[in-house]
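Take a look at the structure set out below.
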Amino acid sequence: MPITMGLLLALSFVVSLLALGFLIWAIATKQFAMDRAHAATVFGKQGADGPDTDGTHLFDTTGIDRISARPVKLLILGAIFWLIVGSTFGVIASLKLHWPDWLNQAAPLTFGRMRALHLNLVAYGWLSQIGIACMFWILPRIFRTPLRAPKLPVIGFWLWNVALLLGAGAFAHGWTDGEEWLEFPWQLDMLLVLAGVFFVVPLVKTARAREVDHIYVTGWYFLAAMVWFPCLFFIANIPGIHYGVEEATVNWWFAHNVLGLWLTPLGVGTAYYFIPKIIGKPIYSYSLSLIGFWGLALFYSQVGIHHLIGGPVPTWVVTLSVVHSVMMFIPVIAVAVNQHVTVARNTWALRESLPLRFIAFGAVMYTLASFQGSIEALRSVNTITHFTHYTVGHAHLGAYAFVSIVMFGAAYHIMPRLVGRDFARPGLIRLHFWLVVIGFAIYFFSLSIGGVLQGLAMLDATRSFAESVILTKPYLEARSVGGTMMTLGHIVFAINVIGILRKPRAAETPVAAE
Amino acid sequence: MNRYLPLVVVALGILAFATLMLVIAPGIQMAQRSVPEGLRPYSEQEQRGRDQYVSLGCVYCHSQQPRAPEQAPDGERGWGRPSVAGDYVYDRPHQLGTMRTGPDILNVGARLPSESWHLTHLYQPRAIFDWSIMPAYPYLFEEKPEAAPGDTVVVLPEGFGPASGVVIARPEALDLTAYLLSLDRTYPVPEDALRDDGYARKEDGL
């Protein structure tokens with residue numbers, strides 16, 4: 001113990017010195033001097049020219065969107081495909097928890113495989129692809145330069161989707177690495193990494209060729225995420241070096257960082273771009289976004305071991321993750337002030353723009369999901385919620401109500417600007433919104449209430465374990481109802497996107513942007 | 001921020017620091033501790049059964065990490081003593097789990113040591129517990145008109161078996177059961193064992 005502690009103290013000292021050096025450098029070179037002019041980077045060279053809520057902004061005056069359009073369109077379509085496949089598996093898995101004898105004839109149909117298919121296909125097929133689509137749409141715009149090497153992401157798209165298809169087949173046949181969030185066989189992981197290179201290279205080239213001096217806050221989140229995630233993914237998937245409890249710490253370091261350092265930057269970065277862009281006014285307090293970004297990097301990266309509270313891991317590392325989980329209040333409040341105040345001062349825009357409704361709703365869910373996560377990591381609360389369905393509800397508040405719903409809005413905003421015409425039937429967009437919001441509310445509240453009751457029953461030695469199973473059944477049934485509504489919403493989403501792509505060419509106006 | 005390289009370098013530095021704290025440092029600390037004397041590696045059959053367990057995704061409903069008595073009554077439920085890092089050195093991949101839709105099973109071999117019980121339960125959990133929501137695994141078994149020599153017949157209550165003939169355990173079912181029976185960490189833990197003691201009170205000497 002003394003050796004470890006001494007090592008950690010020495011290390012913290014060295015790291016603090018390095019961080020101080022960085023801070024001095026950053027202040028000296030005015031990296032932190034940010035003003036409202038910088039916040040206006042989201043608008044064109046002429047600055048804000050009113051809200052971007054309707055067809056009048058479809059013109060691509062700079063030619064930037066024309067270059068990005070192809071990879072963005074492919075990635076959105078690929079993402080929607082996996083969203084529908086992945087959420088269907090989710091509904092099947094959910095039904096199986098209260099109809100245990102349904103679809104039991106073969107191993108690929110069992111709950112354990114359906115659940116793995118659901119998680120991986122929505123995480124890598126839907127969330128990652130739609131997030132990458134947003135990167136390819138937004139980054140060239142905030143850098144005011146066309147996407148470089150635009151053919152590479154198309155190759156990346158095909159590699160990524162082939163890997164997903166092979167992965168889905170592999171899970172169904174029971175070929176898995178066997179850890180939550182790391183089920184993909186490592187051979188296919190390497191294919192995903194290769195596909196990732198085809199996505200990252202063009203974006204980095206575009207970043208280096210940018211025609212603005214300042215990198216807008218969305219750019220920080222995206223540029224950091226696209227180096228974080230490949231590193232995480234690669235280290236966690238190297239075969240043969242991790243085992244036992246050490247492997248469990250790698251597992252949760254990775255799994256929580258998929259949310260914290262990949263999906264969250266994608267969602268927050270996307271919201272940071274579209275909220276001011278749609279409203280036509282810069283973000284509320286631009287310098288606050290610095291705290292939000294660096295706070296996220298520093299604290300979110302160390303929260304993972306709160307998944308092992310009360311487990312066979314050293315106490316200090318659990319405590320470290322609990323402390324960092326609570327520290328997450330800081331960056332989350334910073335982002336919340338920026339995004340929610342901007343929307344709250346312009347509520348008229350929520351009536352004008354359907355995409356903004358999704359994005360603003362998702363941004364609020366980020367705040368709630370993070371607050372909930374910080375509180376859930378406290379030992380006193382975690383002792384009830386750990387090992388229960390409550391955790392599943394929380395995961396969906398983050399990955400679904402926050403990231404997915406922001407992404408729905410982003411897709412609805414991008415598509416008309418990508419094809420140069422508006423959605424023919426906005427009513428279907430409203431239907432999508434209410435299906436997923438009401439469906440999610442049923443999903444979330446049933447699992448949260450059921451999970452707490454389940455946790456309390458498990459802590460009470462006078463109640464049998466059976467009781468904790470029996471009492472959750474009605475809540476699991478309600479979850480299936482909510483999940484089915486969400487899936488129906490996804491089908492409406494697909495109909496909307498395919499509809500705008502298939503509209504006759506006669507009605508076309510010049511192509512999309514800035 | 002206006003520069004690409006510093007942004008990426010610092011971002012990666014922070015990730016490296018987190019990796020050091022969450023993975024490397026605890027990894028070094030755990031590797032220094034002794035392996036419990038009572039722990040033995042899985043036999044070939046048990047490992048095959050473990051691979052079945054992994055591939056069927058049992059981990060999504062069953063944890064393998066009993067909690068300490070200060071935190072939860074896991075021990076009173078028969079799930080075993082609080083587990084320590086050394087209990088898992090032969091586990092590749094780890095199956096600690098984060099869910100108890102079903103009970104913790106790190107010591108299920110000690111709690112339910114009957115092969116016959118497990119075979120029945122795997123074939124149809126509701127033949128034993130009518131409230132159970134565990135999937136049935138009929139494809140690990142086969143139906144035959146009558147048992148051949150060397151076949152393991154599954155004992156089933158009235159109404160759960162086929163109308164005629166018997167249910168025989170396939171090798172997969174026997175392997176999986178062998179793994180479940182091997183789950184027994186009731187041996188004493190070494191002095192220097194590691195686990196999260198965050199729920200222990202001060203007067204307990206921590």
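Descriptive notes on the structure:
- The residues neighbouring A:Arg357, those whose beta-carbon lies less than 11 Å from its own, together hold a net charge of +1 under the Lys/Arg +1, Asp/Glu -1 convention.
- The ellipsoid equivalent to the alpha-carbon distribution of the stretch A:417-485 has semi-axes of 41, 10, 7 angstrom, derived from the gyration tensor eigenvalues as √(5λ) and listed largest first.
- Here is the interface size for B with A: some 8000 Å² of accessible area buried, both sides summed, with a 1.4 Å probe.
- Each peptide in A:267-279, A:381-393 gets a packing score, the mean of other Cβ atoms within 10 Å over its residues, and the list from highest to lowest is A:267-279, A:381-393.
- Kirkwood hydrodynamic radius of the stretch A:269-330, from inverse mean 1/r over distinct Cα pairs, in Å: 13.6 Å
- These residues, A:Thr462, B:Thr120, go from largest to smallest accessible area, 1.4 Å probe, as A:Thr462, B:Thr120.
- Across all Cα atoms of the stretch A:103-260, the radius of gyration (one decimal) and Dmax (whole number) stand at 17.2, 61 Å.
- For the stretch B:30-70 versus the stretch A:213-232, the gap between their alpha-carbon centres in whole angstrom: 38 Å
- Only protein heavy atoms count here; under a 1.4 Å probe, B:Ile28 has an accessible surface of about 90 Å².
- Paramagnetic reach from A:Ala461 (point 7 Å along Cα→Cβ, amide N under 15 Å) across the stretch B:61-93: B:67-82
- Three-way shape label, the stretch A:5-117, alpha-carbon gyration tensor, a/c 1.5: oblate
- Stokes-Einstein D (µm²/s) once Rh is taken as the Kirkwood radius of the stretch B:1-121 over alpha-carbon pairs, at 37 °C in 0.692 mPa s: 189 µm²/s
- Within 10 Å of each Cβ in A:172-178, the average number of Cβ atoms from other chains: 4
- Quotient of C-alpha Rg and 2.2 N^0.38 Å, computed over the stretch A:207-318: 1.30
- The calculated FRET efficiency for the pair A:Leu20 and B:Ile28, based on their C-beta separation and a Förster distance of 25 Å, comes to about 0.40.
- From its DSSP helices (H runs of at least four residues, each -39,500 (n - 2.57)), chain A gives a residue-normalised ellipticity at 222 nm of -23000 deg cm²/dmol.
- Length-normalised contact order for chain A - Cα pairs under 8 Å, 6+ apart - percent: 19 percent
- Number of Lys-Lys pairs in the protein assembly as shown with C-alpha atoms under 23 Å apart and a separation of 8 or more places or on different chains: 10.
- Cα-only radius of gyration and Dmax that characterise the stretch A:311-394, units Å: 16.6, 53
- To the nearest 10, the accessible area of A:Lys281 is 100 Å² with a 1.4 Å probe.
- Peptides A:491-497, A:126-132, B:108-114 ranked from most to least packed by the mean count of surrounding Cβ atoms within 10 Å: A:126-132, A:491-497, B:108-114.
- As a length-normalised measure over Cα pairs under 8 Å and 6 or more apart, the relative contact order of the stretch B:119-174 settles at 38 percent.
- Residues whose amide H falls under 5 Å from that of B:Val166, counting only those 5 or more places apart or on a different chain, are B:Lys144, B:Glu146, with hydrogens built in the peptide plane.
- Here the peptides A:257-266, A:370-379, A:341-350 are ranked by packing, the mean other Cβ count within 10 Å, and the order with the highest first is A:257-266, A:370-379, A:341-350.
- In terms of its C-alpha gyration tensor, chain A has an oblate overall shape, because the principal axis ratio a/c (a ≥ b ≥ c, square roots of the eigenvalues) is not below 1.5 and a/b does not outweigh b/c.
- Taking a quarter of the surface of the Cα convex hull of the stretch B:42-189 gives a mean projected area of 9.4 nm².
- Ratio Rg/Rh [Cα only; Rh per Kirkwood] for the stretch B:111-206: 1.21
- Shielding of peptide B:27-37 by partners, expressed as the average count of other chain Cβ atoms within 10 Å per residue Cβ, is 4.
- Considering all C-alpha pairs of the stretch A:155-225, those separated by over 21 Å amount to 43%.
- Other residues whose C-beta falls under 9 angstrom from the C-beta of B:Gln95 contribute a net charge of -1, scoring Lys and Arg +1 and Asp and Glu -1.
- FRET efficiency for A:Val323 and B:Phe129, using Cβ-Cβ distance with R0 set to 41 Å, rounded to 0.05: 0.50
- Per-residue mean of foreign Cβ neighbours for A:108-118 is 4 (Cβ atoms of other chains, 10 Å radius).
- Length added when fully stretched, A:Leu165-A:Leu103, from 0.36 nm per residue minus Cα-Cα: 20.1 nm
The values are calculated or read from the model by the stated rules, or taken from the named source; none is laboratory data. Since the structure is predicted, the reported quantities are computational estimates derived from the model, not experimental observations. Every residue, glycine among them, receives a Cβ derived from its backbone with ideal geometry; neighbour counts consider all protein chains shown. Note: accessible area is taken over every heavy atom of the protein model, side chains too, but ligands, DNA and RNA are not part of it. Shrake-Rupley method; radii C 1.70, N 1.55, O 1.52, S 1.80 Å.
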